[in-house]
Amino acid sequence: MLNGISESGSDVVGSFISQLQALQNRVKELEAENSKLSSQISKCCCHKAEEIQNGSDVESFKQGVESQRKNTGGDKTRKKKTIERNSGYDLKIMTHHSKRYVALKVMYFGQRFYGFASEAQMDPTVESEIFKALEKTRLLVGDKKESQYSRCGRTDKGVSSVGQVIALFLRSNLKETDGNHKISGELIPEAQIEGEIDYVRVLNRVLPSDIRILGWSPVSIDFSARFSCLAREYKYFFWRGNLNLSAMENAGKKFLGEHDFRNFCKMDAANVHNYRRRITQFEISSSNMSFEGGQLCAIKVKGSAFLWHQVRCMVAVLFMIGQGLESVDVIDILLDIEKTPRKPQYAMAPETPLILQSCEFEDVKFICSSDSGQALRLHLENEGRAYQLQSAIFQEAALSCLPLAKDQSLLNDGTIKKVTSHIPLLSRPTERKCCYTLSFH
């Protein structure tokens, strides 16, 4: 009897083992089938995504699918769900797509922005708006690090530019872009420009009205918008008023050459260790623009690099000289670090009139198609007219104002302040000593 029970138990165990093996084999078959289907779905999605990318506008794909849905007539619900799935597919980062390294020339009116760099932790910034446009147009091929993103300068809150330059990898229409593998000094063939995406047109269609791309250029992979820059030029606009331009220009010429500009900048002790900068050009010019009889002038300063707020500090001291409050020789004294080891406390010139005019590079020629250039000029002319209308309104308001009191004066920066006695720069309190242990880029 015991033998019978033992044999019956062995049969049950054998049956369980057989069923388990059958289930394991079926699982393997299902896994193989699932892998095959997943691969097919992946290829289908990539193919559909590439169709969208190759178009200049994502909307054209959506419209095409919608048209197809209307024409076929059948199974409308299923096709509608397919459209919804495709529109939700993440196409912001297309690492599988052809790409090329590109420099973009950027113009922006800085009044409403918290500076250029998005690291300012305040919105909006110019940089954040540019990346929103790059994402919307599906030009990005990775994040900032993956795209090898670089910028020429970090303009501050309120500062404008007509010559800022950034560089990064962008999506390309060219399937084989040899320019991505070139290094400095090697020429990029004209064939690698023809048939390429019109980056100026595509981006300017979605950027806010106070930011525009002025041109693009293919660049070598070792290009850096910051470190490859040979020179930067700034302009500072101001109303002449009663300023002594001759004295200001004589003082400004003293900036030429290489000097320690620690007394002409705002300190950022965490970032830079060298205050020496080289100024290669300085001039003051008049424009043909005027307002209420006042003439608009500009200070142009060119150099290889600048310290934080350096131009605004230089201009502030020049205004004191132009007003007759300081002598021309004060520039020599402030540049002599042995005589003046610490910066006297003084207010910088306002930020709004400052503009980053240009950034110079070797063998970089920016491209703008005729259609994009025409649209760009029309946009800028319309923006200019809009601001002229605002200026006319302010002018009417000024004519309606009561006369100034005798103890008030209209300063050259356009603000009205109480007349105060001037304290000579060399008699003022100085910045703290700890500020001079390090310096800004």
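The values are calculated or read from the model by the stated rules, or taken from the named source; none is laboratory data. Quick caveat: nothing in here was measured; it's all calculated off a predicted structure. Counting neighbours? That spans all protein chains shown, and the Cβs are built from the backbone with ideal geometry, glycine included. Accessible surface is based on the protein model in full, side chains and every heavy atom, while ligands, DNA and RNA are left aside. Shrake-Rupley method; radii C 1.70, N 1.55, O 1.52, S 1.80 Å.
Before moving on, here are some points about what is shown:
- Neighbour net charge for Asn25 - beta-carbon separation under 14 angstrom, K R +1, D E -1: -1
- Taking amide H atoms as placed 1.01 Å from N in the peptide plane, the amide H of Leu214 lies under 5 Å from those of Lys105, Val106, Met107, each 5 or more residues away in sequence or on another chain.
- Here is the list for segment 273-336: GluC sites (Glu not before Pro) lying in DSSP coil, each with at most 14 other C-beta atoms within 10 angstrom of its C-beta, are Glu292.
- When the Cα positions of Val311, Asn274, Thr340 are compared along the charge dipole of segment 265-362, Asn274 comes out farthest toward the positive end, with charges on each C-beta of Lys, Arg, Asp and Glu.
- Of Lys254/Lys302; Lys266/Lys339; Lys175/Lys365, those spanning more than 21 Å from alpha-carbon to alpha-carbon: Lys175/Lys365
- Debye, to nearest 20: dipole size of segment 257-363, +1 on Lys, Arg Cβ, -1 on Asp, Glu Cβ: 300 debye
- Over segment 279-329, accessible surface divided per residue gives 39 Å², non-protein components excluded, 1.4 Å probe.
- Percent accessible area from carbon and sulfur atoms, segment 125-178, protein chains only, probe 1.4 Å: 46 percent
- The solvent-accessible area of Met320, taken with every protein chain present and a 1.4 Å probe, is close to 20 Å².
- Segment 242-335 - convex hull of alpha carbons, volume per residue in Å³: 105 Å³
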